[in-house]
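Here's the structure we're looking at; comments come further down.
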Amino acid sequence: MDQRKFWVAFNAIQGIGPARLQKLASYFPDLSTAWYASRAELCAGGLPERVCDYFITGRKKIDPDQKFDEILQKGIDVLTLDDELYPRRLKEINNPPSVLFFKGEYIPTDEWAVAIVGTRKASSYGKQITNELAAFLASHDITVVSGMARGVDAIAHHAAIKANGRTIAVLGCGVDVIYPPEHRGLSEQIVQQGVLISDYFPGTPPESVNFPPRNRIISGLSLATIVIEAGQKSGALITATYAAEHGRDVYALPGPIYAQQSKGTNQLIAQGAIPLLDYDQLLDNLNIRQDAIMEKPRAMIPENENEEKILTCLGSEALIIDEILNMTNLPVQTISATLSMMELKGFVTQVEGVKYRVSHGKSVLQRSTKNEK
């Protein structure tokens with residue numbers, strides 16, 4: 001039984017937020033059991049009596065199968081806190097969203113992400129820096145996260161896409177609701193080179209109260225948050241506040257002291273944010289270069305059965321071709337040719353002149369097998 005449908009169903013009932021849903025998930029064997037539990041069992045699982053009564057009334061109006069199917073039929077997928085693919089960094093924040101609705105594909109290397117946020121009325125200087133920075137990050141395989149709003153957000157997404165990088169847009173509405181409406185084309189590009197994410201149910205309109213809470217997801221997905229330009233009451237400052245609460249680095253672009261767009265960023269710097277002065281230094285500060293290099297094996301996807309066999313037997317141990325022959329029963333010529341191609345791809349490394357090992361010591365096959373246990 002797909003437990004995601006019950007995560008979604010619980011999420012559809014007001015009063016059952018992430019903290020309470022986590023209590024139920026910890027108490028019951030699974031959420032399908034919790035969904036059909038009695039009032040006494042729900043109270044024992046941590047729900048206040050008033051919430052139990054509200055839930056029992058609410059669940060009568062919801063068919064978990066039907067609601068889940070409606071979402072999937074819209075081309076929308078679901079990640080829950082119980083899912084292995086749920087973003088690891090987001091899971092580290094206080095009360096992470098129980099359910100994420102998304103279009104596109106969230107991949108493991110998106111954990112190496114940086115948020116770029118800022119004003120909707122960026123100066124020419126702010127636009128230039130946003131373009132340069134997003135393209136620079138994308139060129140270093142860093143995913144660019146933003147909110148698909150007008151101004152800095154949209155520029156950051158466009159620049160990452162143009163640089164053939166990945167980008168994530170976190171929405172303050174359902175992922176099937178395009179806001180602002182002129183960003184429909186941008187949203188389609190993001191789905192092709194990244195993912196649209198929201199913790200709001202599909203169909204949720206872009207109401208103003210939705211945007212401050214969604215900013216915690218922008219910062220939660222990211223190693224660091226960079227504020228390009230922002231007024232003193234900008235939503236970008238809310239994102240920076242969340243980032244600081246999450247223990248993530250906050251960067252701000254210094255600007256003229258009389259410019260309205262720079263009052264918020266200069267204020268952040270005065271409060272301890274790191275001035276954005278050098279792109280290379282940003283990567284060094286976050287150890288992104290080394291982390292990204294160590295993460296490369298997660299993207300090692302064998303292209304054929306021969307590569308799969310060789311990656312499986314190599315592991316972190318360096319082997320000579322004869323040893324690979326004994327373990328795979330492949331012809332020597334096939335092993336030699338496959339190893340040469342895998343070496344060009346960066347999958348394997350030749351050591352001691354005659355031995356081969358998986359680059360950086362771990363194969364993606366071993367890593368995924370370990371995760372399945």
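Is one or more of the residues making up segment 344-360 among the hydroxyl-bearing types (Ser, Thr, Tyr), modelled with pLDDT under 85 and not in a helix (DSSP H, G or I)? Walk me through it before giving the result.
Within segment 344-360, the first condition is being among the hydroxyl-bearing types (Ser, Thr, Tyr), and the residues that meet it are 349, 356, 359.
Applying the additional criterion that residues be modelled with pLDDT under 85 yields 349, 356, 359.
Pick out the ones that are also not in a helix (DSSP H, G or I) and you get 349, 356.
The answer is yes; a qualifying residue exists.
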task: Mind telling me which of the residues Gly272, Gly247, Gly264, Gly255 ends up being within 22 Å of Glu132 (Cα to Cα), part of a loop (DSSP other than H, G, I, E, B) and either modelled with pLDDT under 85 or assigned by TED's automatic domain parsing to the domain that holds Ser222 (or both)?
output: Gly255
statement: Flagged in segment 1-29 as at pLDDT 90 or above, of a type outside the set (Phe, Trp, Tyr) and outside any helix (DSSP H, G or I), in numbering order, are Pro29
- prompt: Within segment 77-127, which residues are more than 20 Å from Thr241 (Cβ to Cβ) and hydrophobic (A, V, I, L, M, F, W, C)?
  reply: Val78, Leu79, Leu81, Leu85, Val99, Leu100, Phe101, Phe102, Ile107, Trp112, Ala122
query: Looking at (1) over 29 Å from Glu245 (Cα atoms); (2) crowded, with 19+ Cβ neighbours inside 10 Å; (3) in contact with a Leu (Cβ under 6 Å, 6 or more places away or on another chain), can you tell me which one Gln3 breaks?
result: (2)
- prompt: What pairs can you find where one residue is in segment 58-86 and touching a residue at least 24 places away in the same chain (Cβ under 8 Å), the other is acidic (Asp, Glu) and surrounded by fewer than 17 Cβ atoms within 10 Å (Cβ to Cβ), and their Cβ atoms are less than 8 Å apart, with a gap of 6+ or different chains?
  reply: Phe68/Asp2
- prompt: Applying the selection to segment 190-213, what residues are under 15 Å from Met148 (Cα atoms) and among the β-branched types (Val, Ile, Thr)?
  reply: Ile190, Val191, Val195, Ile197
field: Unmet criterion (only one of (1) modelled with pLDDT of 75 or more; (2) assigned by TED's automatic domain parsing to the domain that holds Leu137) for Ala337
entry: (2)
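For segment 11-32: of the residues being hydroxyl-bearing (Ser, Thr, Tyr) and farther than 13 Å from Arg59 by Cβ, which is surrounded by the fewest Cβ atoms within 10 Å (Cβ to Cβ)? Steps first, answer last, please.
Just the residues of segment 11-32 that are hydroxyl-bearing (Ser, Thr, Tyr), to begin with: 26-27, 32.
Then drop every residue that is not farther than 13 Å from Arg59 by Cβ, which leaves 26-27.
Values: Ser26: 9, Tyr27: 16.
Filtering segment 11-32 for residues that are hydroxyl-bearing (Ser, Thr, Tyr) and farther than 13 Å from Arg59 by Cβ, the one surrounded by the fewest Cβ atoms within 10 Å (Cβ to Cβ) comes out as Ser26.
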message: Checking Gly203 against (1) at negative phi; (2) touching a residue at least 12 places away in the same chain (Cβ under 8 Å); (3) out of contact with any Pro (no Cβ under 8 Å at 6 or more places or on another chain), only one condition comes out false. Which one?
response: (1)
message: Which condition from (1) buried (at least 16 other Cβ atoms within 10 Å of the Cβ); (2) among the aromatic types (Phe, Trp, Tyr); (3) touching a helix residue (DSSP H, G or I) at 6+ places or on another chain (Cβ under 9 Å) is the one that Tyr36 breaks?
response: (1)
query: Based on what the data block shows, is Trp7 over 21 Å from the mean Cα position of the chain (by Cα) and among the aromatic types (Phe, Trp, Tyr)?
result: no
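The values are calculated or read from the model by the stated rules, or taken from the named source; none is laboratory data. Nothing here was measured: the structure is a model prediction, and the numbers come from that model. Cβ atoms come from the backbone with ideal geometry, glycine included; neighbour counts cover every protein chain shown.
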